[in-house]
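Read through the structure below, which is laid out as structure tokens, and then see the notes.
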Amino acid sequence: MTNFNYEELAKRIVYEQTKELWSFNDVCAALGYSDESTPVRRIVEQKDFPKPTTLISGGRRKWFKKDVLNWIERQRNQRSKLMLNVSQAA
């Protein structure tokens, strides 16, 4: 019987999932916009938005899913803090 290292397998699965790449359409869907929307293009061009990568020269832009989801979570946290400050000031 072979010893199987489940902990190492779990780490490898998590690592592979963090590398998942999203297309522009995937990013648009995560942000709640259509791919033809002007606001989403402005969001993607912001300095703090994750930079895309290309797998081959001249290829389509791809974003790491983890980076986009982290950016969305930071935006939610900033809005929550802003709303908390506004309600405390009132």
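Coordinate-derived values only; no laboratory data. Please read all numbers here as calculations on a predicted model, not as lab measurements. Cβ coordinates were reconstructed from backbone atoms using ideal geometry, including for glycine residues, and neighbour counts include every protein chain displayed.
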(message) Calculate the FRET efficiency for E73 and A10 from the Cβ-Cβ distance with a Förster distance of 25 Å, rounded to the nearest 0.05.
(response) 0.65
(message) 7 Å from Cα along Cα→Cβ at both T53 and A29: what's the point-to-point distance in nm?
(response) 2.1 nm
(message) Could you compute the longest span of the chain free of trypsin sites (Lys or Arg not before Pro) located in DSSP loops and having at most 16 other Cβ atoms within 10 Å, not counting the site residues?
(response) 62-90
(request) Name the lysines eligible as straight-distance cross-link partners of K51: C-alpha to C-alpha under 17 Å, and not fewer than 8 places from it in the same chain. (result) K19, K62, K65, K66
(message) Can you tell me, using C-alpha contacts under 8 Å and at least 6 residues apart, the relative contact order of region 6-89 as a whole percent?
(response) 30 percent
(message) Under a Cβ-only charge scheme (Lys and Arg +1, Asp and Glu -1), can you give me the dipole magnitude of region 6-89 about the Cα centre, in debye to the nearest 20?
(response) 260 debye
(message) As a footprinting exposure proxy, order T38, T53 by other Cβ within 10 Å, with the fewest listed first.
(response) T38, T53
